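Read the structure below first, then the notes.
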Amino acid sequence: TLSLHDALPISIAVVNGSEKYETLQASFKTTFSEINSLIDKGTIIVGGQEVKLEFFLGGDYTFLLTVMGLKGATSLYACLWCKIHKDKRWETDKHFHHFNSPPMMRTLLEIKELVKKGKGDYCCVKVPPLNIDLDHVIVDELHLLLRVMDVMLDNIITEVIDWGKDEDFEKTSKEVRGIHLKKLVTEIRSCGVGFDVWELRNPADNKGNGKYEFTSLFGNDKKKVLSLLPEKTL
């Protein structure tokens with residue numbers, strides 16, 4: 001009996017090219033065909049015994065959208081599993097099952113049917129080259145976490161800077177400015193990571209231009225901040 005824990009990852013191809021549908025289709029045409037053939041058969045013979053097959057598709061979000069024939073992550077209908085419009089993503093009053101049941105739920109068959117119409121409905125523009133159902137398509141949680149953390153941290157820093165500017169406006173020249181940003185940096189560092197925020201400067205006069213950048217944290221550091229920072233008081 002084989003399990004995922006017993007299997008070792010094997011590279012079957014390496015392609016040097018742009019990350020787009022046409023590149024994947026041309027480079028992996030034979031591979032996709034062989035995989036689809038195995039999906040249709042459902043079993044293989046190993047050591048004289050019939051072994052059932054179950055296929056999953058994983059990767060970063062851009063790759064998954066490309067393989068499943070959908071437009072990019074900034075399109076109107078960018079969710080791989082449901083047909084929610086981007087302007088309604090903030091609406092959280094509906095239950096999880098609402099998006100995982102018809103008519104909101106996406107299916108592989110529906111994507112193929114919408115592509116045939118040629119109208120790009122729900123951002124379905126290419127025929128998926130793999131016959132893997134969407135409930136077997138797994139998002140890369142690490143890349144998702146890193147991106148979400150970048151946005152959250154950027155929003156926190158922007159909020160703290162604006163908070164400080166409002167207070168600093170009424171301060172005298174002798175009073176300390178930017179105390180909230182300094183405290184935020186201190187609290188993030190107390191999570192056990194190296195961190196700093198700095199204002200960009202104009203090349204002509206070396207004066208601050210009001211735009212800020214911050215230390216890019218690695219995966220483990222982001223996990224530390226996500227775990228420890230919410231409990232701290234700013």
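The values are calculated or read from the model by the stated rules, or taken from the named source; none is laboratory data. A quick note: this is a predicted structure, and the numbers were derived from the prediction, not measured. Cβ sites come from the backbone with ideal geometry, for glycine too, and all protein chains shown count toward neighbours. The accessibility values were calculated without ligands, DNA or RNA, using every heavy atom of the protein model including side chains. Shrake-Rupley method; radii C 1.70, N 1.55, O 1.52, S 1.80 Å.
Candidates in the range 35-65 are the residues that are free of Cβ contacts under 8 Å to residues at least 60 places away in the same chain and part of a helix (DSSP H, G or I); of these, the one that is nearest to residue 145 (Cα to Cα) is 62. Selection within the range 209-229: residues that are in a loop (DSSP other than H, G, I, E, B) and open to solvent by 80 Å² or more (accessible area, probe 1.4 Å). The member of this set that is modelled with the lowest pLDDT is 218.
Just a yes or no: is a residue in the range 3-23 assigned to a loop (DSSP other than H, G, I, E, B), closer than 19 Å to residue 135 by Cα, open to solvent by 100 Å² or more (accessible area, probe 1.4 Å) and aliphatic (A, V, I, L, M)? Looking for residues that are assigned to a loop (DSSP other than H, G, I, E, B), closer than 19 Å to residue 135 by Cα, open to solvent by 100 Å² or more (accessible area, probe 1.4 Å) and aliphatic (A, V, I, L, M), one finds at least one in the range 3-23, hence yes.
Checking each residue in the range 129-186 for being hydrophobic (A, V, I, L, M, F, W, C), closer than 30 Å to residue 102 by Cα and either at pLDDT 90 or above or crowded, with 17+ Cβ neighbours inside 10 Å (or both) picks out 130, 132, 134, 137, 138.
Residues in the range 135-148 that are out of contact with any Leu (no Cβ under 6 Å at 6 or more places or on another chain) and not acidic (Asp, Glu): 136, 138, 139, 142, 143, 144, 145, 146, 147, 148. Screening the candidates 223, 232 for the property of being under 17 Å from residue 147 (Cβ atoms) and either in contact (Cβ under 8 Å) with a residue 40 or more places away in the chain or not β-branched (Val, Ile, Thr) (or both) yields one hit, 223. The criterion of being closer than 20 Å to residue 133 by Cα, surrounded by 11 or more Cβ atoms within 10 Å (Cβ to Cβ) and in contact with a helix residue (DSSP H, G or I) (Cβ under 9 Å, 6 or more places away or on another chain) does not hold for residue 64. Looking across 88, 41, 83, one residue alone is charged (D, E, K, R) and touching a Lys or Arg at 6+ places or on another chain (Cβ under 9 Å). It is 83. Of everything in the range 43-61 that is small (Gly, Ala, Ser) and surrounded by 12 or more Cβ atoms within 10 Å (Cβ to Cβ), the residue that is farthest from the chain's Cα centre (by Cα) is 58. In this structure, does residue 196 turn out to be farther than 21 Å from residue 168 by Cβ, under 26 Å from the mean Cα position of the chain (by Cα), surrounded by 10 or more Cβ atoms within 10 Å (Cβ to Cβ) and at pLDDT 90 or above? No, not satisfied.
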